[in-house]
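Below is one structure, written out as structure tokens; the observations come after it.
The values are calculated or read from the model by the stated rules, or taken from the named source; none is laboratory data. Given the structure is predicted, the values throughout are model-derived calculations rather than measurements. Note that each Cβ is placed from the backbone with ideal geometry, even for glycine, and that neighbours are counted across all protein chains shown. The protein model used for the area step is the full one, side chains on, heavy atoms only, and it has no ligands, DNA or RNA in it. Shrake-Rupley method; radii C 1.70, N 1.55, O 1.52, S 1.80 Å.
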Amino acid sequence: MDNGATHPRMLADCKVLDFTQYLAGPTVTRLMAEMGASIIKVEPGPGGDPSRLLPFVQEGRSAYFVQQNRGKKSLCLDFHTPAGCEILRALVKTVDVVVENFGPGVMEKRGLDYASLKTINPKIIMVSISAFGRKSPLSHKVGYDLIAQAFSGIMHMTGEADGPPQFVGLGIADVSSGVHAFAALGYALYYREKTGVGQHIDLAMVDALYHMHEVNVQVHTMTGGQYVPKRAGSHHPLVCPVGTFKGPQGWIVILALDRQWEGVCKALGKPELVHDPRFTTGADRAKHQKELIAIIEAWLQSFPTDEAALQALEEQRVPSAPVMSIVDTLAHPYFKARQMVRTVPDPILGEVTIPGFPFKYSEFPELPDIQAPLLGEHNAEVLTQQLGYTAAQVAALQDKGILHSERK
């Protein structure tokens, strides 16, 4: 679908060489593809991006891969051959951006690290995403999402107080680091536009998560170590009411700070609680939160439905929401209105439902019609159009096993 505007999309003239796999790296280029960038997804032969095998798989096609790789052109070749690496280095001369999230040493061994690529294309901007960063005491370690969650303290802060650490039930480290890299890349492109200078962006998944600690780091140091951050279950240990409450049907989240406390009391029909010495300040409410939680949950149970309880809170402008299941979100009018539940076409799977594009640009209200590639689908197109190869040269590379594709 065309955006309806008379001007091209924001990244329409941006060419990207995409060495990413799984989730963190593909998040960067997935967002760029939605904004019009030309993405060449380089996949190591013969199998390509390992996420092509991740569930849900039907007729050999992974819906996981489809969600993360729409709008990209697939070039599948053997990284281990000099001819394969020669092709890649030649492509570097033709692009603006390189994105990679391989394990430690993979790019360096093939002469595809930033120091090497900068000699080929001095204006290149390269984004590297890894668990512990390319320059760190732990840069040699391999890591995925859960490793970053563990090392960053996120898991330590998640779960019941007397239970084991829990991981967050989605790819928070991968996607967060991808979005961080996407943002950093935009500013690097802006800087290059002004100065003509490219650069390397070294982004660690651990750093992206550690950056999220809004209070845990500073509160420990500011109290001289007296306050030790730890997981506290379904309610915040420092402020109340901030947590998950049992409603008449399901679970309801309330987050009320000092400015909302009077509204909470009005909603409860207990205005006297405003001046109750147990609950006068945020610190008082946190100290007596067991009592306050019991009062709130007893009040919630007086309603026939969660919706009725939420309406009573809404009338007093108390921030609250139901705890939605993923299935709940699929038909909810909010997600439909915001186009966050999105059905996209795929040549093999048919229609695939995925999360929508989170950035709403006034100049681009419509999103492009793009699809995820088959393995090596664009081998010939990339080599002929980008590097001037002949059809015979492409065929020879295929015959030698340097190029690979799903459909030969």
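Tabulated results
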| item | result |
| --- | --- |
| Mean shadow area of the stretch 1-160, taken as a quarter of the surface of its Cα convex hull (nm²) | 12.6 nm² |
| Largest-first ellipsoid semi-axes for the stretch 225-279, taking √(5λ) over the Cα gyration tensor eigenvalues, angstrom | 22, 18, 8 |
| Debye, to nearest 20: dipole size of the stretch 79-163, +1 on Lys, Arg Cβ, -1 on Asp, Glu Cβ | 560 debye |
| Mean residue ellipticity (222 nm) of the chain, computed from DSSP H runs ≥ 4 via -39,500 (n - 2.57), nearest 500 | -10500 deg cm²/dmol |
| The chain - share of DSSP beta bridges that are antiparallel (%, nearest 5) | 45 percent |
| Relative contact order (%) - the chain, alpha-carbon pairs under 8 angstrom, separation at least six | 20 percent |
| With DNA, RNA and ligands ignored, accessible area of residue 270 (1.4 Å probe; Å², nearest 10) | 80 Å² |
| Over 23 Å between alpha carbons, listed pairs 41/141; 141/230; 141/400; 266/336; 246/290; 15/141 | 41/141; 141/230; 141/400; 266/336; 15/141 |
| Kirkwood-based shape ratio for the stretch 259-354, expressed as Rg/Rh from alpha carbons | 1.20 |
| FRET efficiency estimate (nearest 0.05) - Cβ-Cβ, residue 15 to residue 195, R0 22 angstrom | 0.70 |
| Total formal charge among the other residues, if their Cβ is under 12 angstrom from that of residue 70, Lys/Arg +1 and Asp/Glu -1 | +2 |
| Mean separation of Cα contacts under 8 Å, 6 or more apart, over the residue count of the stretch 200-359: relative contact order % | 19 percent |
| Charged-residue dipole, Cβ positions (Lys, Arg, Asp, Glu), the stretch 111-219 about Cα centre, Debye nearest 20 | 680 debye |
| Net dipole in debye of the chain [+1 Lys, Arg Cβ; -1 Asp, Glu Cβ; about Cα centre; nearest 20] | 820 debye |
| Selected from 8, 171, 191, residue furthest toward positive end of dipole (the chain; charges at beta carbon) | 191 |
| Among 352, 397, 384 the positive-end extreme of the charge dipole of the stretch 331-403 (Cβ point charges) | 352 |
| Rh by Kirkwood over Cα pairs, then Stokes-Einstein D for the stretch 142-230 at 1.567 mPa s and 4 °C, µm²/s | 87 µm²/s |
| log₁₀ of I(q)/I(0) at q = 0.08 Å⁻¹ - the chain, Debye sum with one point per alpha carbon | -0.56 |
| Net length gained if the chain between residue 238 and residue 305 were fully extended (0.36 nm per residue, minus Cα distance) | 21.2 nm |
| Solvent-accessible area of residue 390 with every protein chain in place, 1.4 Å probe, in Å² to the nearest 10 | 70 Å² |
